[in-house]
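Note sheet for the following structure.
The values are calculated or read from the model by the stated rules, or taken from the named source; none is laboratory data. Computed from a prediction, not measured in an experiment: that's the story for all the values here. Because the Cβ atoms are built from the backbone with ideal geometry, glycine has one as well, and the counts that use them run over all protein chains shown. Quick note on the areas: whole protein, heavy atoms, side chains included, nothing else; ligands and nucleic acids left out. Shrake-Rupley method; radii C 1.70, N 1.55, O 1.52, S 1.80 Å.
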2 protein chains.
Amino acid sequence: MDARHAILFEPVRIGPKTLPNRFYQVPHASGFGSAKPRTQAAFRAIKAEGGWGGVCVEYAPISPDSDEAPAIGADIWDDRDAKALGLSADAIQAHGSLAGLELYHGGATSPNGSSRAVRLAPSQLTSEVQWGGLAKEMDTDDIARVQRDWVRAARRAADVGFDIVYVYGAHGYLMTQFLSADLNRRTDGYGGSLANRGRFWLETLAAVREAIGSDCAIATRIALHGDSGVPGAIGLPGIHIDEMLTLVGLADDLVDLWDVTVGSWPEDSGTSRYYPEGHERPWAHRVREATAKPVVAVGRYTSPDLMAEVIRSGAVDLIGSARQAIADPFLPRKIAEGRLEDIRECTGSNVCILREETFRHVGCVQNATAGEEYRRGWHPESFPATANPDRSVLIVGAGPAGMECAVVLGKRGFTAVHLVEAQSEIGGRLRWTRSLPTLGDWGRIIDWRMVQLAGLRDVEVITNRRLTTADVLEYGADLVVIATGSQWRGDGVQPDYPDPMPGADAGLPHVLTPEQVCAGKRPPGSKVIVYDTDGYYVAPGLAELLAADGFEVSLVTRFNVLSPVSDETLEGDMLRAHLHRAGVRVRHATTVTGIGPGSITGNDRDGEAWSAACDGIVLVTQQISRDSLYRELAADPVALSSSGIEGLYCIGDAVAPRMISEAIFDGHRLAREIDEKEPGQPAPYLREQSSLA
Amino acid sequence: MDARHAILFEPVRIGPKTLPNRFYQVPHASGFGSAKPRTQAAFRAIKAEGGWGGVCVEYAPISPDSDEAPAIGADIWDDRDAKALGLSADAIQAHGSLAGLELYHGGATSPNGSSRAVRLAPSQLTSEVQWGGLAKEMDTDDIARVQRDWVRAARRAADVGFDIVYVYGAHGYLMTQFLSADLNRRTDGYGGSLANRGRFWLETLAAVREAIGSDCAIATRIALHGDSGVPGAIGLPGIHIDEMLTLVGLADDLVDLWDVTVGSWPEDSGTSRYYPEGHERPWAHRVREATAKPVVAVGRYTSPDLMAEVIRSGAVDLIGSARQAIADPFLPRKIAEGRLEDIRECTGSNVCILREETFRHVGCVQNATAGEEYRRGWHPESFPATANPDRSVLIVGAGPAGMECAVVLGKRGFTAVHLVEAQSEIGGRLRWTRSLPTLGDWGRIIDWRMVQLAGLRDVEVITNRRLTTADVLEYGADLVVIATGSQWRGDGVQPDYPDPMPGADAGLPHVLTPEQVCAGKRPPGSKVIVYDTDGYYVAPGLAELLAADGFEVSLVTRFNVLSPVSDETLEGDMLRAHLHRAGVRVRHATTVTGIGPGSITGNDRDGEAWSAACDGIVLVTQQISRDSLYRELAADPVALSSSGIEGLYCIGDAVAPRMISEAIFDGHRLAREIDEKEPGQPAPYLREQSSLA
């Protein structure tokens, strides 16, 4: 270990417990809740195994009036729920780490989609548009009942073995709703002065401490103003940092660990596009002004040097992490072993959040095993040795899927893996993606895999070599994996319009594809339209690139909002403000169906005809697999057989254009399962089905 | 029974099975899938008990490449899933009905959110925007495998006892994707001619029939062009009705029951706002041209006379129903017993679909017990006798919650229930809601309850009587239920803006609330702005009303799209087209923050200042509970006690403004649980938790 990093491995006392080191996986949603307890336990345990000294589960609703359905939280409404969550505590502690549970009440933000309970709030006001209904202004019976529920939930958490129990106050949920002078307009002892607005929080902390304080460390999570000026929740009005620090002072005797978040959730979980590593420091570190108790704060830290510096500064005691612990559960062990080059750095793309927020199984661009620990039995650092090490494997195409496949095959002990790339560098679509404004950190997907490939002596990377069907047949490989990716269509085919668009031909000077723009093609004239039916980062990225080049850029989107997918990665508001500042004009809910000389035609949101003058158009409409090599090979089984090719597979975007995380997952899966009987099909995985017992 | 309706009770043979009558609950999603098997079974069994001769479960994905997560379908991937679904078959058959299961593959539309499998499609094209990724163009191995999966799933369905097994082809899923000349561009035997495009469907039918045809009736579901010209799925291009009838001819030997849907899902499940009862007849009834086999079609039928006429016409053999069977599971028995006045008519508001589509527990404005059969043990027609029949109950306010509460208390045997209403008629907010353009059928919520109240001799309805706190204390009731509802704010308070809006005062002539507009208040001048931060039916309804009155109406919405909630009820596209035709101009993503004389000011979607001239503004911003009566009573427990009031409760919008279905649920719940120890709090309900066995 580098001596500079030794400070990270000091134990830290929190209340009655001691963390073995300063690496702390803060509570974060997974989508597993208490509904998938084995999946949850394995997902958390891997982080303990990887060296995180504190590992928390996630927000744990304490009662049916904080029912998060359709989202899945770690409900702890009864003993059976608690037993399910106890699996996680046991699994985390088996590796010597402390296990935490974040007891939670959402108040006015709880959808109560399954329970149908009325929402609760300090006053009948809302910080967000809630067509599901407004909340009930809690009466004092409601307050007492919620506090009783909190204590009962804490007792259950302690009984099934959790070391750290939260009174979750941040992110705009019930505690913060009481604290907010805007949302809390009560005239009783729970409204008015800061002491009154903080009373609900303080009373709950005291009751929980009284009940379990000798058994467990009591943590609370707070949200401070950040640079957006928006603390807590999206759009939640005003709790100033000074007020919050006063609350810290008032509550300090009741708290063993302060877990600090900064600003709105999009700011707190800021992506690499808009926030640098450690961006919360100016605010998070101010908590030290108000307490000598241990403090944990996040910062999307990926650099061990910066982590050590943050600890040395004395402002915080623990390095909090959510996304980096998903991207690399073994970060602490790698630092301890001095294997810094092996750390999978989080790209800060928030695909994990996108998947969780849209109720999908969690995923990660850097770590394809995230969430697959239980159901597929995958381990991020352990790769079952192949039974067929001598089978030679040719992988054609070194984009995300091909790189990942090669790395995993190499780690599984295949002794002759060739990764062959037609271009001069590996990386596939990421080579141009990382060159777009704000997307540089996505290049870490390539970088980590380049380092790994360099360390695998049985994997040979060959660039500048474009293989034909005949080349593949003559290559001499036992197994062939086609990973030739996808490309953007230049013919204007788009969702709902399966035929080419009149006038769309990327061979013309005024019609451009994203790849062409990134390769330097520019339209004639000054007015360019970027047309988007994709909805994520490509169209805004190209618009910003062209605006920076001096073009007058309009972005025409089929969607009602620019880049709706970016809302799922928490980037939407920032992205739109960014484009607005860059001078990009946006036209919404509009389709383009024809390209003429100097103008385009289409339909507006009411179906009325629409047209606009422009000197060129960039088509971000639809991708298409680059699969001709695969098709030609698959079409001639006799040739395959006589060439000695025992297996032919296709992975990644060459199968179907998808998000990068899913293409990587695909390459990873094939490499894990390539010894199976039907490797082309995913092997069945374990599911936590309903019991009929 | 009325002799005209006897035809509805004739048995109908389908393949090897016989339906006991012509009432058929077609497959429809519930959100219970195979994940909540007991909830599912009870939800379906109640329909069999109520007399539906055929009762189907819902779409049953056959494999992980049709994984509908985040939606919950009746997955039948393995024997354990099948066992869970078998509970439904058993429960349906226990009442003498046939049980059906709709085997399903979504193809390109399957999100595969949990399995992470690649989507499958005939060609790499899409009928809708799918940021999750495009689909794989299926090779012949994929086709054979999906067909094998279908047969395996059919065998499992038969083994656990289902009588009717579907090969689901409608609504734009995999079968229809193959059939569509737009989406299927294959050049092999599965593309090109209609016979080729239909081959996948026909082969699958044949294989399923071969496997289980002697044990089960084989049904298939098709989608015909309707008046929107859009069959199958939202936006799916072109399968003409003539082509579909040709397919019916080709497949007729393989099918025991044709289940016919019409147009896109929003058209097929058309709401009462835009479609009359039986609107699909011109298209659905054309299937008879191509087959003599039994045919079922839906039509949101609520009238027994129309049902009988449809059968007598010979065009269809069964009355298909989804929504009406939710609204009244006992419709067939009520017809059989001649109790037509007791039929709860579906309002066609699609709140059931809204809740299912947004992954909430199913709900219904007419039937508060829908989905509560297992978990709360509620029965739509059976009401446990109260242990305290002599306790007198005063309900203040005869809106949705109060009416429902009174009906249930009456049915439970309370002998002195007074429902007291300040207005001259009962109905609460529905009195003005039903007067808005297109919303007339929502009045059925009042109508059914008025009929029921009239039949309950121990429930007295008193109108034109506004009770003060003193009146309530002197009333002499043992239990008091406050159901005084809510009203729209006239002060401009809106989400994110907890303080009144400068200039917003509904006492002024140019500032209006929805209730005021419905009561006849009109702004001076001709230009009126309707400002919407609610997002559902009120603002569009008022805009249409005012436009019809000759005003020049602009609708300013805070949302990116007009009435986003209407998208969840499948009405969005129709509503927007309707308003566009009515000449209402819409400005999106805009807030109003100030009202001046002759103009309003606010911010546009980029946060830039914005203003507009107008003669008046209607504020559809936020509701507020009308709860002063409850608060005054609750504040004086001594007075309550000395008045002999043993229990004081608040229900419906007086607690918190919510959707009508939820207010009714609230009133229903209190009446069911009013003998419990803490009736103000919902009693715990059964949950189908994960097993740790």
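Summary table below
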| quantity | calculated |
| --- | --- |
| Index of the failed condition, A:Ile446 passing every other in (1) in contact with a strand residue (DSSP E or B) (Cβ under 8 Å, 6 or more places away or on another chain); (2) under 28 Å from B:Gly133 (Cα atoms); (3) among the hydrophobic types (A, V, I, L, M, F, W, C) | (1) |
| Unique match (being within 11 Å of chain A (Cβ to nearest Cβ), without any contact (Cβ under 8 Å) to a residue 40 or more places away in the chain, more than 27 Å from A:Gln494 (Cβ to Cβ) and not β-branched (Val, Ile, Thr)) among B:Arg116, B:Arg145 | B:Arg145 |
| Meets criteria (open to solvent by 10 Å² or more (accessible area, probe 1.4 Å) and assigned to a loop (DSSP other than H, G, I, E, B)) for B:Glu381 | yes |
| Some residue of the stretch A:168-179 being open to solvent by 10 Å² or more (accessible area, probe 1.4 Å), aliphatic (A, V, I, L, M) and assigned to a helix (DSSP H, G or I) | no |
| Filter result for the condition that a residue is hydrophobic (A, V, I, L, M, F, W, C) and over 23 Å from A:Pro27 (Cα atoms), over A:Ala158, A:Ala108, A:Ala135 | A:Ala135 |
| Which numbered condition A:Asp653 misses (of (1) assigned to a helix (DSSP H, G or I); (2) free of Cβ contacts under 8 Å to residues at least 40 places away in the same chain; (3) of a type in the set (D, E, K, R)) | (2) |
| Every residue from the stretch B:651-677 that is open to solvent by 20 Å² or more (accessible area, probe 1.4 Å) and more than 9 Å from chain A (Cβ to nearest Cβ) | B:Arg672, B:Asp675, B:Glu676, B:Lys677 |
| Residues located in the stretch A:474-489, provided they are buried (at least 19 other Cβ atoms within 10 Å of the Cβ), under 35 Å from the mean Cα position of the chain (by Cα) and farther than 18 Å from A:Arg558 by Cα | A:Leu479, A:Val480, A:Val481, A:Ile482, A:Ala483, A:Thr484, A:Gly485, A:Ser486 |
| Selection from the stretch B:537-587 of residues that are open to solvent by less than 30 Å² (accessible area, probe 1.4 Å) and aromatic (Phe, Trp, Tyr) | B:Tyr537 |
| Qualifying positions in the stretch B:82-121 - assigned to a helix (DSSP H, G or I), open to solvent by less than 10 Å² (accessible area, probe 1.4 Å) and in contact with a Pro (Cβ under 9 Å, 6 or more places away or on another chain) | B:Ala84, B:Leu85, B:Gly86, B:Ser88, B:Gly107 |
| Residues satisfying the stated conditions in the stretch B:305-351, i.e. farther than 19 Å from B:Arg44 by Cα and polar (S, T, N, Q) | B:Ser313, B:Thr347, B:Ser349 |
| Single unsatisfied condition, B:Phe359 versus (1) free of Cβ contacts under 8 Å to residues at least 24 places away in the same chain; (2) open to solvent by 30 Å² or more (accessible area, probe 1.4 Å); (3) in a loop (DSSP other than H, G, I, E, B) | (1) |
| Boolean, A:Met307 is modelled with pLDDT of 95 or more and not in a strand (DSSP E or B) | yes |
| Options B:Ile624, B:Ile595, B:Ile617; residue that is of a type in the set (Val, Ile, Thr), more than 36 Å from the chain's Cα centre (by Cα) and modelled with pLDDT of 95 or more | B:Ile595 |
| Residues of the stretch B:640-650 satisfying the condition of being under 23 Å from B:Gly363 (Cβ atoms) and either more than 10 Å from chain A (Cβ to nearest Cβ) or in a loop (DSSP other than H, G, I, E, B) (or both) | B:Tyr649 |
| Residue that is surrounded by the most Cβ atoms within 10 Å (Cβ to Cβ) [pool: residues in the stretch B:588-639 that are within 14 Å of chain A (Cβ to nearest Cβ) and assigned to a helix (DSSP H, G or I)] | B:Tyr630 |
| Residue selected from the stretch A:551-571 under the condition acidic (Asp, Glu) and either within 24 Å of B:Arg576 (Cα to Cα) or within 11 Å of chain B (Cβ to nearest Cβ) (or both), by the criterion nearest to the chain's Cα centre (by Cα) | A:Glu568 |
| Identity of the residue in the stretch B:490-523, within 14 Å of chain A (Cβ to nearest Cβ) and touching a Gly at 6+ places or on another chain (Cβ under 6 Å), that ends up surrounded by the most Cβ atoms within 10 Å (Cβ to Cβ) | B:Met501 |
